[in-house]
Amino acid sequence: MTGPNVRERILPRLIEDELKESFLDYSMSVIVQRALPDVRDGLKPVHRRILYAMHELGLVPGRPYKKAATVVGDVLGKYHPHGDIAVYDSLVRMVQDFSLRYPLIDGQGNFGSVDGDSAAAYRYTEARLTRVAMTMLEDIDKNTVAFVPNFDDRLREPTVLPGRLPNLLVNGSAGIAVGMTTNIPPHNLSEVVQAVVHLVDHPAATIKDIRKFIKGPDFPTGAIIYGRDGIKECYEKGRGRIVIRARAIAEEKESTGKQQIVVTEFPYQVSPERVHEQIRDLALAKKLEGISDVRNESDKEGIRLVIELKRDVIPMVVLNQLYKHTQMQQTFGAIMLALVDGTPRELTLLELLQHFVEHRHTVITLRTEFELQRAQDREHILEGLKIAVDHIDEVIKLIKKSKDTPSADAALRKRFKLSEKQSAEILNMRLARLTTLEITKLEEELKDVRKFIKECKEILASKPRRMKILKEELTELAHGFGDERRTEIVADQGEFSIEDLIAEEDMVITVSHAGYIKRLPVSAYRRQRRGGKGVIAAHQKEDDWVEHLFIASTHDYVMFFTEQGQCYWLKVHEIAQAARAARGKPILSCVAMKPDERLAALVPVREFSEDQFLLFATKDGVVKKTVLSEFGNPRSVGIRAINIEKGDELIDVQVTDGKNDIVLATAHGMSIRFHEKDVRDMGRTATGVKGIELDKKDHVIDMVVVRRKSTLLTVTEKGMGKRSELDEYRVQHRGGRGIITLKRSDKTGEIIALKEVLPDDELMMITKKGIMIRVPVEGIRISGRNTQGVKIMNLTPGDLVVDVARVVKEDEDEAVDEDGDDDETPRSAASKTKAPGPKPKAPSKPKSRAPKPKK
């Protein structure tokens, strides 16, 4: 606006100062007036204004619903000058029983669904307060909370609600402010009330004491909290990560006999339809194996997501993958941030309860003071009426003689020493109150009022009495609205282990040159005599062949080590079980290996102990020893296991106890034996020390950890092999040139394996073309170190042995024909498991000691 009477007023100011001040004002406004709840009633301003406006509109239980548009308009016009959508969204959330553990608004109409469907427009829906919400507003008209002017100074609004309900804990809160956020999980009312009562009785109680009553969050959607560490951290520090899993069961479909997984509860704020889409997309992309169909059968009766499985698929293995790759497992990042006296603070569980107790104690005190004052005022009036009744004839005479009301008032006050209020009440008294019955009622009321006044004074004079009232009111609240816990808490991950549902069995694990991995029970391979031709272990393409052979239990971890020293791990039962001649699944779909990484070794581990070590050997003869426990928490992208020099490669890794002898063997037939104690412990990223001095063009191909009195088996790429006594391998200092372990020639080819064996062991060999043979070790004769050995496996032209594994003899050998051919169909490799249920008894099985595969 411009004109001759308008004076321009321009104040120059640095923009950084203006931005700083304006942003600070904005930040404080968002923090205090928008995003964070008050620690006392657990409400943000918008929620508090909605509840108060509905209370003022008379939208209480038992009264008719009113259009949500009426509520939104009233809130906007009187208390909350912001967007109507923000107000309506807040109202909708207080209606949803899947968002709030104890809804504060009773809605009629479409208020959205757990699948993420939006609510109908506010012109269609109706609302009123719930009985729970009424406890939040109870005594608000008794001077229990402070009121401030609204935005236009027309009306007054409460700064906080009296809040008998511990709303901040039972319904939780979530909000993003400027530079801070809050995410308080909901809890069970009965548990919170018990905790508050205990805190009132024992003011010095600790968080440990409180946790005996409050087990953990109790989400409106149920589900399962997985582990108590996150809960403990949240309650003790004010923030923590709580893992939530969907509730699922495995059952058999009667019509087909196939297994299916049925999900009935999902983590808090997770959409079943969204999970349905995730599972469908992952199954189509072949990232989730074993799923034939997925359907969302949820209806008004409840949640039901059905995942049908293919035949012979273990349900709990698939379920574990679903937890890993979908929102069926979520982490709730709890941050217990709230406003304390207008200042944001991160609070422990104990502090939240203490602030609530303090608030309720203040409300009870102010309410009692208000009721005392009101009772005293009533007593004062009743005393005046009593005087009038006792002198009724004189009172009537005085009034009749008076000229007008003021003169009658003055005469009464002067004659009976009455106050202005008493005199006015007498003058307004109806003649009907002069009956004997009414006089008796008057006397009884005065007696009751005086008794109530005495009680109020006793309450105000005694804090224990006020605390007793606090406990009684909370107990009454719990009896009226308390319910059973919906969210189950599993103490630790061990209680939820899927190994309990999987029989322990030794598996042959193979990895091909092209990166395909599979597992098959050891029992699927028949034993053959020395010199047998073997059976097909996998149909391979011309450019692919089996490179690694490995044996481990279904309950073991398999540690994958790449040639460049990176480490990954996986449970054996998570590896896809395939037919004997199948290629398997891409290993990249099992672990997060890079496409250009190649496996060097696979190691079975039952647990990551501090008393055991991993011993590494490289192609260039370097060895390194590291404590096994350093590998107990690998990242999804893998961890560095050993630093590999340029041009070198990792060829083997084995678990040891640190007290054994080590034998290294080379491709040219050399070997060295030295004490493991000669190799000191090193960190994961160390390079290691020299184990053997190599000739030009020679390289290390295998490593043996000598654990018992046995023989050393040497196998060549052309199927030759022999056993030699350990005594022939004298102990030397590491770093030497070593001694001959096999006389190499064109007939033998290069050495490909060195194994420690016993006479009762069996040998499993696999070739480049995918042919596998299983022969008894006792059929291979013992000979000197400097010999060529005997033919162990007959090879077809162009084929070579690529890997060897040792298998401990089974309790019952299976018969084969004299030719050594496998003439029987292998037992089915399928494993069928129902869940939940007791741990299946593991079948009789061979014990194995896994070989360490090489290139």
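Table for the structure above
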quantity	calculated
Residues (in contact (Cβ under 8 Å) with a residue 40 or more places away in the chain and hydrophobic (A, V, I, L, M, F, W, C)) located in the stretch 429-449	M429, L434, I439, L442, L446, V449
The stretch 187-208, subset under 18 Å from K232 (Cβ atoms) and under 24 Å from the mean Cα position of the chain (by Cα), residue surrounded by the fewest Cβ atoms within 10 Å (Cβ to Cβ)	K208
Those residues of the stretch 17-42 which are of a type in the set (A, V, I, L, M) and farther than 23 Å from F356 by Cα, in sequence order	L19, L24, M28, V30
Qualifying residue in the stretch 779-801 (condition: closer than 27 Å to F616 by Cβ and crowded, with 22+ Cβ neighbours inside 10 Å)	yes
Which numbered condition F98 fails, given (1) of a type in the set (F, W, Y); (2) under 17 Å from L165 (Cα atoms); (3) part of a loop (DSSP other than H, G, I, E, B)	(2)
For R785: the one exception among (1) farther than 23 Å from E728 by Cβ; (2) out of contact with any Phe, Trp or Tyr (no Cβ under 7 Å at 6 or more places or on another chain); (3) in a loop (DSSP other than H, G, I, E, B); (4) not β-branched (V, I, T)	(1)
Any chance T405 is closer than 30 Å to N167 by Cα and of a type in the set (V, I, T)	no
Given (1) crowded, with 20+ Cβ neighbours inside 10 Å; (2) in a loop (DSSP other than H, G, I, E, B), number of the condition I672 does not satisfy	(2)
Failed item in (1) part of a loop (DSSP other than H, G, I, E, B); (2) surrounded by fewer than 23 Cβ atoms within 10 Å (Cβ to Cβ), with G240 passing the rest	(1)
Test: T256 is on the phi < 0 side of the Ramachandran plot and at pLDDT below 90	yes
Elements of type strands (runs of 3 or more DSSP E) in the stretch 260-347, at least 2 residues being within 19 Å of T487 (Cβ to Cβ) and within 20 Å of the chain's Cα centre (by Cα)	329-335
Selection within the stretch 778-793 - out of contact with any Leu (no Cβ under 8 Å at 6 or more places or on another chain) and either without any contact (Cβ under 8 Å) to a residue 24 or more places away in the chain or more than 12 Å from L742 (Cα to Cα) (or both)	E778, G779, R781, I782, K791, M793
Any chance D299 is more than 30 Å from R211 (Cβ to Cβ) and in contact with a strand residue (DSSP E or B) (Cβ under 9 Å, 6 or more places away or on another chain)	no
Among residues of the stretch 603-628, those that are surrounded by 23 or more Cβ atoms within 10 Å (Cβ to Cβ) and assigned to a loop (DSSP other than H, G, I, E, B), counted	2
Residue list for the stretch 399-427, restricted to those being under 15 Å from E383 (Cα atoms), polar (S, T, N, Q) and free of Cβ contacts under 8 Å to residues at least 24 places away in the same chain	none
Where a residue in the stretch 1-21 is at pLDDT below 85 and its partner, wherever it lies, is not acidic (D, E), with Cβ under 9 Å and at least six apart	E8/T2
Strands (runs of 3 or more DSSP E) lying entirely in the stretch 116-159 (those with 1 or more residues that are closer than 30 Å to S298 by Cβ and in contact (Cβ under 8 Å) with a residue 24 or more places away in the chain)	126-129
Qualifying positions in the stretch 59-69 - within 41 Å of the chain's Cα centre (by Cα) and not small (G, A, S)	L59, V60, P61, Y65, K66, K67
From V95, V132, V114, V87, residue being among the β-branched types (V, I, T) and touching a Ser or Thr at 6+ places or on another chain (Cβ under 8 Å)	V114
Strands (runs of 3 or more DSSP E) lying entirely in the stretch 692-768 (those with 3 or more residues that are within 53 Å of the chain's Cα centre (by Cα) and within 21 Å of D657 (Cα to Cα))	700-706, 751-757
Top-ranked residue in the stretch 119-164 [being of a type in the set (G, A, S) and touching a helix residue (DSSP H, G or I) at 6+ places or on another chain (Cβ under 8 Å); ranked as farthest from V60 (Cα to Cα)]	A119
Complete set of residues in the stretch 407-455 that are of a type in the set (K, R), outside any helix (DSSP H, G or I) and within 14 Å of I392 (Cα to Cα)	R430
Members of the stretch 387-398 that are part of a helix (DSSP H, G or I) and either in contact (Cβ under 8 Å) with a residue 12 or more places away in the chain or farther than 22 Å from D377 by Cα (or both)	I387, A388, V389, I392, D393, E394, V395, I396, K397, L398
Scan of the stretch 365-384 for residues that are surrounded by 17 or more Cβ atoms within 10 Å (Cβ to Cβ) and either in contact with a Leu (Cβ under 6 Å, 6 or more places away or on another chain) or among the hydroxyl-bearing types (S, T, Y) (or both), ordered by number	T368, L382, G384
Flag if I225 is crowded, with 19+ Cβ neighbours inside 10 Å, in contact (Cβ under 8 Å) with a residue 40 or more places away in the chain and part of a helix (DSSP H, G or I)	no
Single match in R63, R40, R34, R48 (criterion: surrounded by fewer than 21 Cβ atoms within 10 Å (Cβ to Cβ) and closer than 23 Å to R156 by Cβ)	R34
Selection within the stretch 601-630 - touching an Asp or Glu at 6+ places or on another chain (Cβ under 6 Å), among the aliphatic types (A, V, I, L, M) and modelled with pLDDT under 90	A601
Test set (1) surrounded by fewer than 19 Cβ atoms within 10 Å (Cβ to Cβ); (2) over 27 Å from R774 (Cα atoms) - F631 fails condition number	(1)
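The rows are residues; the columns are (1) surrounded by 18 or more Cβ atoms within 10 Å (Cβ to Cβ); (2) outside the structural domain of A86 (by TED's automatic domain parsing); (3) charged (D, E, K, R).
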{"position": "R101", "(1), (2), (3)": "yes, no, yes"}
{"position": "G107", "(1), (2), (3)": "yes, no, no"}
{"position": "N110", "(1), (2), (3)": "no, no, no"}
{"position": "V114", "(1), (2), (3)": "yes, no, no"}
{"position": "A121", "(1), (2), (3)": "no, no, no"}
{"position": "A127", "(1), (2), (3)": "yes, no, no"}
{"position": "A133", "(1), (2), (3)": "yes, no, no"}
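The values are calculated or read from the model by the stated rules, or taken from the named source; none is laboratory data. In this text the structure is predicted, and so the values were computed from the model without any measurement. As a convention, Cβ positions derive from the backbone with ideal geometry for all residues, glycine included, and neighbour counts pool all protein chains shown.
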